[in-house]
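Structure, as structure tokens:
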Amino acid sequence: PAFRQAKVYVSESYGDVATSLEQVRITDKQMQKIADTQTPQGIVAVVPFPSAEQLPAPCASEGETTKEKTIYLYEVQDPGNLGTILRTLAWFGGFRCVLSPNSVDPYNPKVVRASMGAIFHLPIELDVSIDELKRRFDHFACLDMEGAPLSSEGFTREQCFIFGNEARGVPHDELAGLDVTAYSIPGAGVLESLNLATAVNMCAYELNR
């Protein structure tokens, strides 16, 4: 509903825009002022933040179940990573993205651009602690170099997948008391690790294979 209330600003040098949203033509100079990039594409959408009633309901509360796979990102910092992850999850469908406190703002312009509009098609929850996750789920999955391969039979049956910060991962004390099964992405062993977005995207593909 919030997206349908958006207004699209289009620069005079930009071509025709096929959209049902309200359009406003502006000069190229005006576009330079309102856009946050040095070389704007020539089109900007202003979308109101959703109201509390329009936000997605929390994923499974205590004692409930959900058909969605929950991807939990712990203190993700890179806007490009988050945007890429959102784009992939929306592409496959059937996912929900849950962000911990101290994560990058999903409405950061760089996240929105990297998501290529996926942010408007995916349930996203903000500031959800691991303690809150404990009340929603009984079992969790994470990635670890010593874990079973993603192709393991149990992987696709998991409901909540925890991915850590790009540099620090998830502190061990945060996972204490959780029933977690570790999985791994087999590789040639030449590199130490994968980019966060790449790892999440490979897991999402495996879950939808």
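The values are calculated or read from the model by the stated rules, or taken from the named source; none is laboratory data. The model shown is predicted, which means the values in this text are computed figures rather than measured ones. Note: ideal-geometry Cβ built from the backbone for every residue, glycine included; neighbour counts use all protein chains shown.
General observations
- Of the residues examined, GLN38 is not one that is at pLDDT 90 or above, of a type outside the set (Asp, Glu) and either surrounded by 13 or more Cβ atoms within 10 Å (Cβ to Cβ) or not in a strand (DSSP E or B) (or both).
Per-residue answers, yes or no, for (1) touching a strand residue (DSSP E or B) at 6+ places or on another chain (Cβ under 6 Å); (2) of a type in the set (Asp, Glu); (3) in a loop (DSSP other than H, G, I, E, B); (4) buried (at least 18 other Cβ atoms within 10 Å of the Cβ):
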position: ASP173; (1), (2), (3), (4): no, yes, no, no
position: ALA182; (1), (2), (3), (4): yes, no, no, no
position: ALA188; (1), (2), (3), (4): no, no, yes, no
position: LEU194; (1), (2), (3), (4): no, no, yes, no
position: ALA197; (1), (2), (3), (4): no, no, no, yes
position: ASN201; (1), (2), (3), (4): no, no, no, yes
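- Residue match in the range 160-171 (condition: surrounded by fewer than 18 Cβ atoms within 10 Å (Cβ to Cβ) and small (Gly, Ala, Ser)): yes
- Criterion violated by LEU89 - all others in (1) in contact with a strand residue (DSSP E or B) (Cβ under 8 Å, 6 or more places away or on another chain); (2) free of Cβ contacts under 8 Å to residues at least 60 places away in the same chain satisfied: (2)
- SER151 vs. criteria loosely packed, with under 14 Cβ neighbours inside 10 Å, farther than 27 Å from PRO79 by Cβ and of a type in the set (Ser, Thr, Tyr): yes
- The range 141-153 residues that are assigned to a strand (DSSP E or B), paired with ones that are at pLDDT below 90 (beta carbon under 8 Å, 6 or more apart): ALA141/PHE155; ALA141/GLU158; ALA148/GLY154; ALA148/PHE155
- Residue match in the range 148-160 (condition: in the same structural domain as LYS69 (by TED's automatic domain parsing), under 22 Å from LEU207 (Cα atoms) and basic (Lys, Arg)): yes
- GLU146 being buried (at least 18 other Cβ atoms within 10 Å of the Cβ), among the acidic types (Asp, Glu) and in contact with a strand residue (DSSP E or B) (Cβ under 8 Å, 6 or more places away or on another chain): no
- Positions within the range 46-73 being at pLDDT 85 or above and under 30 Å from ASN195 (Cα atoms), in sequence order: LYS69, THR70, ILE71, TYR72, LEU73
- Single residue of the range 80-132 satisfying the filter (of a type in the set (D, E, K, R) and either outside the structural domain of THR198 (by TED's automatic domain parsing) or not in a helix (DSSP H, G or I) (or both)) that is surrounded by the fewest Cβ atoms within 10 Å (Cβ to Cβ): ASP127
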